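Read the structure below first, then the notes.
The values are calculated or read from the model by the stated rules, or taken from the named source; none is laboratory data. Values in this document were obtained by computation on a predicted structure and should not be read as measured data. Cβ: placed from backbone, ideal geometry, glycine included. Neighbour counts: every protein chain shown. Quick note on the areas: whole protein, heavy atoms, side chains included, nothing else; ligands and nucleic acids left out. Shrake-Rupley method; radii C 1.70, N 1.55, O 1.52, S 1.80 Å.
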Amino acid sequence: MCGIIGYAGLSPALPYLLKGLEQLEYRGYDSAGIAIMEESGPRVVKSVGSTARLKERIAGEQLPGSVGIGHTRWATHGAPSEANAHPQWAGPLYIVHNGIVENERVLREGLVADGEVFASDTDTETIVRLIYRTMKGGSGFSESVRRVLSLLEGSYSFLIAHADLEEPLIAVHRGAPLLLGACTHGVFVASDMTAFPVEVHSTIPLEKDDMVTIRADGRFEIISLAHSREREAKLVSRSHHGVHGKGEYPHYMFKEICEQPEMLGALLSGKIRRENGLLNVRFAAETEKVLSRARRIRIVGCGTSFHAGLLGKYRIESLAGIPVEVDIASEFRYRNPILDPENDLLIALTQSGETADTLAAIRMARASGVPTLALVNVEGSTATREADASIFLEAGPEFGVAATKTFLSQIAILTLIALRLSSDSRLAERTGLSKGGILEAFLKIPMLLDKSLSLSTGVTGIARRLAESRSVLFMGRGGDFPLALEGALKLKEITYIHAEGYAGGELKHGPLALVEEGTPVLSLLSPDPQLVPKMVSNMKETLSRGAFLISIGSDHYLDEFSPVSSMSLSLPDCPPVLFPLVAAVPLQLLAYHTACFKGLDVDRPRNLAKSVTVE
Ligand code: AGP
């Protein structure tokens, strides 16, 4: 997904733009560029590849201008190339853009028919040429922007600079996230908070249909195009939690995996309360309201968030006895789901809060009168503004493209929701534990995560073996099945090794044909007395076909699974319902170390972005 940053104020813009683009790298990109409005005229520098390449291209140039824009591009219209990199320009106008203009082709054809000659394949150039042509027709800068906006269809945001004006910058939010950040010497606009320098003391998350005109001295005015009037917006003081780079860690992903014990401890301390000596789960009032009325729960998400949702289904149905349907968001929105506003609750899982398909599912539910609850990591994101209620993952900024701590927070919160909706009698019947007993055990999980992290040496031995593999199968039963899907996704998305997750009982229905001498098969074994023997027999099925068996299980059943495994990790014991939280860590470490052995870019895997704001 593209990254946007802009500045207008009293200081030179360039250093802030370059640092901000570095901070936006985690979003995934293939080229970068900047434009600085200099006294002598605008100066544009663009390059394919990393921001380091861009810096090399700029090295030595004196660019003291105090108005500028910058961009990291994740190609949608047109291949990665210098010509297609942003900023794009026309006349005195320079633009950086995130999102897609869906009717770009017909607009471009009109301009070409009028004699315009395009320098790029981007929809971004179409926008800036339309605005410039409107200005040449006699309209002012902001009026021209407004008029062109009425022609553009799609979900996007852009920042456009005018080389000659006192009001040199206009920011437009039409669906892709954009924030304002204020400091003593000027104002920033960026795709997300991470691009802002530490001196930004307060921010304003822009809303859809906001248009901001920014003066050279950093003063600004927000117009709501939807209501054609100025929008009062309060500056929110900015929390600097976690926005401090990798520190001593080699990669963001490893840092974020290691942050999980502390993150989970903080999350649980805010959700598990001791009332009259009894432990219970408590959410905010608006969340309690939508949960209490749910007779059927619809969960939607993409990728890792979908896997978390699948695990949520297992927990909510088993512990609370409430039916749950889980959908991949991009399927949900087109399969015509039967929604029941009287009984349904839609839970949307999206760490970024900007995934286009998940947002579309929220909008579908709302249009049908179904209440919506979003589990989101990014405060101020679109999902938090559009859902009826939100639960923040409180995982802190996650820069690695591969979701780790946000996944852990999602499955923790979904398990808490299941416990919140359960009755003591049902819990005792299903788990043999009271609600208080499970919550006591839950509060100990951060300590067990610490122990899981210390297994890093065992994990690296397995990772070294996987790094030589062409294909890996993951399998689990019950709550371990969604975990197997997630372990496979982690491995494939950062090591590029083909991997698939299966239900343990499913291999003999086809996938077993994939197993040949030495095929790595990784089994997950929660300490569930009913499922462990079944999983061990599934493991033996693969062993008899030559599989290289790897097992990750509770040390309570080590004697069952270790003898049939070529390599195994034994994890600290805990109630089966909480085991996926403990087992998630070694699966994440396994993918991480395997990618390191392969010398790959762990934090920015090829072809992927941290948040997919396009369909
Ligand atoms: C997970 O490691 C991937 N980065 C990806 O599958 C991600 O989970 C998916 O794109 C959903 O993102 P979201 O949670 O921000 O909606």
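Compactness check for region 505-615: Cα Rg over 2.2 N^0.38 Å is 1.23. Only four residue types carry charge here, +1 at the Cβ of Lys and Arg and -1 at the Cβ of Asp and Glu. Report the dipole size of region 500-591 about the Cα centre in Debye, rounded to the nearest 20. About 120 debye. For region 11-144, the square roots a ≥ b ≥ c of the C-alpha gyration tensor eigenvalues yield an a/c of 1.5 or more together with a/b not exceeding b/c, which makes the shape oblate. Rounded to the nearest 10 degrees, the angle from helix 456-466 to the longest Cα principal axis of the chain is 80 degrees. Surface composition of region 440-560: carbon and sulfur make up 54 percent of the accessible area, probe 1.4 Å. In the chain, with Lys and Arg counted as +1 and Asp and Glu as -1 at Cβ, which of these residues, Leu151, Ala484, Thr460, has the Cα nearest the positive end of the dipole, that is, farthest along it? Farthest towards the positive end: Ala484.
Rounded, prolate or oblate: which fits region 286-347 when a ≥ b ≥ c are the square roots of the eigenvalues of the alpha-carbon gyration tensor, with rounded for a/c under 1.5 and prolate only if a/b beats b/c? The shape class here is oblate.
Which whole number in µm²/s is D for region 99-200 by Stokes-Einstein, with the Kirkwood Rh taken over Cα pairs at 37 °C and 0.692 mPa s? Don't skip to the answer; put the middle values down first.
On the way: Rh = 14.9 Å.
For these conditions, the coefficient is 220 µm²/s.
Straight-line reach from Lys136: which lysines have a Cα under 25 Å away, not including same-chain ones fewer than 8 places off? Output for Lys136: empty list, no partners.
The lysines whose alpha-carbon is closer than 29 Å to the alpha-carbon of Lys508, local same-chain residues fewer than 8 away aside, are Lys313, Lys490, Lys492, Lys534, Lys540. Rounded to the nearest angstrom and listed largest first, the equivalent-ellipsoid semi-axes of the chain from its Cα gyration tensor are 46, 27, 22.
Using only DSSP helix segments of four residues or longer, with each worth -39500 (n - 2.57), what per-residue ellipticity at 222 nm results for the chain after dividing by its residue count and rounding to 500? Don't jump to the answer; show the numbers that get you there.
On the way: 20 runs with 218 residues, N = 615.
About -10500 deg cm²/dmol.
In the full protein context, region 1-88 carries 35 Å² of accessible surface per residue, based on a 1.4 Å probe and ignoring ligands, DNA and RNA.
The distance separating the Cα centre of region 155-211 from that of region 48-95 comes to 17 Å.
For region 442-499, report the accessible area per residue in Å² (1.4 Å probe, heavy atoms, rounded to an integer). Don't skip to the answer; put the middle values down first.
Working: 2010 Å² over 58 residues.
Ligands and nucleic acids excluded, the result is 35 Å² per residue.
First check a/c for region 188-310, with a ≥ b ≥ c the square roots of the eigenvalues of its C-alpha gyration tensor; if it is under 1.5, answer rounded, and if not, answer prolate when a/b is larger than b/c or oblate otherwise. Because a/c hits 1.5 or more and a/b fails to exceed b/c, region 188-310 counts as oblate.
Can you give the accessible area per residue of region 327-396, in Å², using a 1.4 Å probe? About 35 Å² of surface per residue is accessible.
Rounded to the nearest 20, the size of the Cβ-charge dipole of the chain about its Cα centre is 720 debye, with Lys and Arg at +1 and Asp and Glu at -1. Could you give the angle, 0 to 90 degrees to the nearest 10, between helix 260-271's Cα long axis and the longest principal axis of the Cα atoms of the chain? It works out to around 90 degrees.
With a 1.4 Å probe and every protein chain kept in, tell me what percent of the accessible surface of region 313-396 is carbon plus sulfur. Please report the intermediate quantities before stating the final value.
On the way: 1410 of 2960 Å².
Result for region 313-396: 48 percent of the exposed heavy-atom area is carbon or sulfur.
P(r) tail for region 388-533: Cα pairs beyond 20 Å make up 61% of the total.
Each Lys and Arg adds +1 at its Cβ and each Asp and Glu adds -1 at its Cβ; summed about the Cα centre, region 26-102 shows a dipole of about 180 debye.
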